[in-house]
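**Student:** Take this structure first; my questions come after.
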Amino acid sequence: MVLRYACRFRCSRYRQIIQGRILKMSSHAQTPDHLQRTAESSRQKIMSSATVLNIQDESRTVKSLNLKIHNENFRFKAGQWVDTFIPGVDTVTGFSMCSSPGLLQRDGMMHLAVKRSSHPPAEWVHTKCKVGSQVNLRVGGDYFYDPQTGEDPPTDLLLVAGGVGINPLMSMLNHIHDMHQSETSRSMCPNKVILMFSAKTNDELLFRKRINELCNVKPNNMSAVYFITEETGATEDNTVCSRIKQEHVQEATDKLNSGKVECYLCGPSPMIADIETMLKACGITESSIHYERWW
């Protein structure tokens with residue numbers, strides 16, 4: 001689960017939901033929750049109910065949800081999250097989408113992946129959620145990849161993920177693939193994309209099969225390197241049994257156009273701080289480094 005960084009709603013029911021959550025926030029412990037931590041983040045005014053169509057085990061600790069979105073005006077950008085309101089659960093959280101915005105536009109579907117924890121929303125996903133369960137969602141976040149026609153020429157992308165921090169970056173990879181399939185958006189695609197994905201175990205390298213499929217589609221110009229920090233004996237050529245080190249970041253940035261590269265990072269705060277330092281040592285400017293830290 002990635003936890004992140006108000007507005008009026010058309011429906012009084014949703015307004016009552018928010019007001020109830022805020023009252024409970026003020027009466028509990030002083031540790032800020034998701035709504036407090038993300039109070040300054042951008043949020044859409046549109047809210048939608050969603051129905052769980054499918055639940056799948058992505059690993060021993062992560063479940064993915066396939067959701068049907070019921071508001072046809074509901075939209076998001078690759079990398080954003082949704083405020084998630086679960087009936088019977090007082091705590092509100094933010095879950096990052098791992099699917100592309102295009103899947104929502106085409107089929108009205110959206111995918112989330114949630115890691116097991118004692119946090120009430122994550123616990124609900126892993127112990128009580130079932131096909132047919134309903135939740136209410138609202139899009140938020142200022143961390144996204146959404147190139148537009150007429151903007152600067154395409155850049156190279158370096159994506160760095162730690163654990164379930166792959167979620168928003170997976171959304172970006174799927175979005176780039178969708179862009180390549182469209183004649184109108186193909187010219188906005190990045191020239192080259194490199195993903196560096198670190199996890200404790202091979203089992204926690206979520207979506208690896210899908211990532212490799214995307215990398216094997218030639219027009220995507222994508223490649224991936226996987227890092228496993230608590231296991232040894234990796235046999236695949238693109239897998240390293242190590243944390244991401246300066247030499248690995250240097251090797252990746254050497255393959256990209258350093259003057260036109262944008263870096264998107266998502267993972268535990270200590271990892272993000274280390275990677276940012278490594279990128280700057282490689283000559284990447286601060287303005288080209290975008291990140292979202294886990295709380």
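The values are calculated or read from the model by the stated rules, or taken from the named source; none is laboratory data. Bear in mind that the values here come from a model prediction, so they are computed numbers and not experimental data. Heads up, the Cβs are rebuilt from the backbone with ideal geometry, glycines too, and the neighbour counts pull from every protein chain shown. The area values use the complete protein model at the heavy-atom level, side chains included, leaving out ligands, DNA and RNA. Shrake-Rupley method; radii C 1.70, N 1.55, O 1.52, S 1.80 Å.
**Student:** Run the numbers for D237 and R116: contour at 0.36 nm per residue of separation, minus the present Cα-Cα distance, in nm. Don't skip to the end; give the middle numbers.
**Tutor:** Details: separation 121, 0.36 × 121 = 43.56 nm, distance 2.99 nm.
Taking D237 through R116 to full extension adds about 40.6 nm, to one decimal.
**Student:** I would also like to ask the following. Can you compute the modelled spin-label distance between E40 and T277, with each label point 7 Å from Cα toward Cβ, in nm?
**Tutor:** Taking the simple label geometry, E40 and T277 are separated by 2.4 nm.
**Student:** Something else: Among the lysines, select those whose C-alpha is under 26 Å from the C-alpha of K45, and discard any that sit fewer than 8 residues away in the same chain.
**Tutor:** Of all the lysines, those that pass the test against K45 - Cα under 26 Å, at least 8 places apart if same chain - are K24, K68, K77.
**Student:** Using only the alpha carbons of the stretch 88-216, what is the convex hull's orientation-averaged projected area in square nanometres?
**Tutor:** Values: hull surface 38.2 nm².
For the stretch 88-216, the mean projected area of the Cα convex hull comes to 9.5 nm².
**Student:** What is the percent of Cα-Cα separations in the stretch 190-295 that go past 18 Å?
**Tutor:** Details: 2821 of 5565 pairs.
Taking all Cα-Cα pairs of the stretch 190-295, the fraction more than 18 Å apart is 51 percent.
**Student:** I've got another one for you. Cα-based Rg of the chain per 2.2 N^0.38 Å, rounded to two decimals? Provide the component values of the computation, followed by the final result.
**Tutor:** Values: Rg = 18.9 Å, N = 295, 2.2 N^0.38 = 19.1 Å.
Working it through for the chain, the quotient is 0.99.
**Student:** Still on this structure: Using the Cα centre of the chain as origin and beta-carbon charges of +1 (Lys, Arg) and -1 (Asp, Glu), tell me which of Q80, V217, P268 is placed farthest towards the positive end of the dipole.
**Tutor:** The Cα lying farthest towards the positive end belongs to Q80.
**Student:** Please compute, for the alpha-carbon atoms of the stretch 163-237, the extent along each of the three principal axes and give them in descending order in Å.
**Tutor:** 44, 23, 16
**Student:** Calculate, for E230 and T149, the FRET efficiency according to 1/(1 + (r/R0)^6) with r their C-beta to C-beta distance and R0 45 Å; round to the nearest 0.05. Mind dumping the intermediate values first?
**Tutor:** Numbers: r = 44 Å, r/R0 = 0.98.
Efficiency, rounded to the nearest 0.05: 0.55.
**Student:** Using the basic label-point model (7 angstrom from Cα toward the beta carbon), what is the N54 to D254 distance in nanometres?
**Tutor:** Reported label-point gap for N54 and D254 is 4.2 nm.
**Student:** Go ahead and run the numbers for FRET between T184 and N73, Cβ-Cβ distance against an R0 of 30 Å, rounding to 0.05.
**Tutor:** Values: r = 21 Å, r/R0 = 0.71.
That gives a FRET efficiency of 0.90.
**Student:** For the stretch 115-156, report the convex hull volume of the alpha-carbon atoms normalised per residue, in Å³, without decimals.
**Tutor:** Working: hull volume 7.2 nm³, N = 42.
Dividing the Cα hull volume of the stretch 115-156 by its residues yields 172 Å³.
**Student:** Using a 1.4 angstrom probe on the protein heavy atoms only, line up R138, R293, R210 by accessible area, largest first.
**Tutor:** Ranked list, largest accessible area first: R210, R293, R138.
**Student:** Shifting gears a bit: Output the antiparallel fraction of DSSP beta bridges having both residues in the chain, as a percent to the nearest 5. Could you put the intermediate results ahead of the total?
**Tutor:** Details: 31 of 57 bridges.
Percentage antiparallel, nearest 5: 55.
**Student:** Could you check how much of the accessible area of the stretch 194-282 is carbon and sulfur, as a whole percent, using a 1.4 Å probe? Working shown, then result.
**Tutor:** Details: 2100 of 4490 Å².
Roughly 47 percent of what the probe reaches on the stretch 194-282 is carbon or sulfur.
**Student:** Let me ask something additional. Could you do me a favour and compute the accessible area per residue for the chain, 1.4 Å probe, result in Å²?
**Tutor:** On the way: 14250 Å² over 295 residues.
That works out to 48 Å² for each residue.
**Student:** Just in the stretch 212-277: which trypsin sites (Lys or Arg not before Pro) are loop by DSSP and have at most 10 other Cβ atoms within 10 Å? All intermediate terms of the calculation are to be shown ahead of the outcome.
**Tutor:** Working: sites: R243, K245, K255, K260; in loops: R243, K245, K255.
Here no loop site has a sparse enough neighbourhood.
**Student:** Also, quick follow-up: Could you count how many Lys pairs in the stretch 168-295 have their Cα atoms under 19 Å apart, skipping same-chain pairs fewer than 8 positions apart?
**Tutor:** Taking the stretch 168-295 as the scope, the lysine pair count is 11.
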